[in-house]
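Single-structure report; data block below.
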Amino acid sequence: MNPDRTTADAASGEQRYRFGDIVVDASVHTLVRSGQLQTVESKAFAVPLLRRANELVGRDELLDLVWGHRHVTPGVLTRAIAQLRNALGDDFHHPVYIQTQHGLGYRFIGTLLQQADAAAGKRCSDTVVGGPVYIGITYAPDGTPINPGNCRVASGTELTWRGPSAEPVAFEIRFKAAAPLARGERDLLRSAEAGGRSKVTRTISGPPGRYDYSILANGKELDPAIIIR
């Protein structure tokens, strides 16, 4: 599935894609759903639906691109698509990711997560990184937010919490105790829509330590932490 043109670093040519609770890395042939590695044959990663998201890709073109149309029948493509659907947890009759255009081909209809805005810097993780950084808030197909994990930064780092592009779901950030923010700032932050996505940006400031907080979205609550080194 020659697939993060949302998370795909399209500019750098990486073949990593994020959508819903799924991460596909076509360069190393891995597909992870809800944190679990799924079994997918290597040939399926060559199917370019992610790279050409929202575009109808014809069956004959797919057979040419992936199998060279030599000594194969359309059944091999049907099996590859079925395997991808199974790995994605997608439903043939009510698709969220792979839509069949009968007699024509297939289209990826999911929402890929956009690459970080240049101003947002690097994705924050449990490894200390310099700023600016961002925390990506993503959602499962049922709207449940997915825990982004802890963010480890230095005091003085600019941090942006941001939802997926073209899906401006409002969210709140609520710190459970002392907030690692500038003096006088509230411990409750509400997102605002900007550039087609919901986001909120603050400078993280405070003494070293762990700062637990909640992300509230779609009536659900997640509990990651910011760790100041």
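Residue count for the range 36-75 under the criterion of being touching a Phe, Trp or Tyr at 6+ places or on another chain (Cβ under 6 Å) and more than 20 Å from Leu112 (Cβ to Cβ): the result is 0.
Select from the range 70-102 the residues that are outside any helix (DSSP H, G or I), among the charged types (D, E, K, R) and either within 18 Å of Leu56 (Cα to Cα) or under 23 Å from the mean Cα position of the chain (by Cα) (or both) and list them in ascending order. Asp90, Asp91, listed by residue number.
Which of the residues spanning the range 202-220 are in contact with a strand residue (DSSP E or B) (Cβ under 8 Å, 6 or more places away or on another chain) and either charged (D, E, K, R) or within 15 Å of Gly156 (Cα to Cα) (or both)? Talk me through it step by step, then tell me what you get.
Taking the range 202-220 first, the residues in contact with a strand residue (DSSP E or B) (Cβ under 8 Å, 6 or more places away or on another chain) are 202-204, 206-218, 220.
Listed by number, the residues that qualify are Arg202, Thr203, Ile204, Gly206, Pro207, Pro208, Gly209, Arg210, Tyr211, Asp212, Lys220.
Between Gly136, Gly149, Gly103, the distinction of being in the same structural domain as Thr78 (by TED's automatic domain parsing), of a type in the set (Gly, Ala, Ser) and at pLDDT 85 or above belongs to Gly103 only.
Applying the criterion of being β-branched (Val, Ile, Thr) and at pLDDT 90 or above to the residues of the range 20-64, the residue that is surrounded by the most Cβ atoms within 10 Å (Cβ to Cβ) is Val47.
Filter the range 159-180 down to the residues that are modelled with pLDDT of 85 or more and either surrounded by fewer than 20 Cβ atoms within 10 Å (Cβ to Cβ) or outside any loop (DSSP other than H, G, I, E, B) (or both) and list them by number. Across the range 159-180, the qualifying residues are Leu159, Thr160, Trp161, Arg162, Val169, Ala170, Phe171, Glu172, Ile173, Arg174, Phe175, Lys176.
The values are calculated or read from the model by the stated rules, or taken from the named source; none is laboratory data. Keep in mind that this is a model prediction, so the values were computed, not measured. Methodologically, a virtual Cβ is constructed for each residue, glycine included, from the backbone with ideal geometry; neighbour enumeration extends over all protein chains shown.
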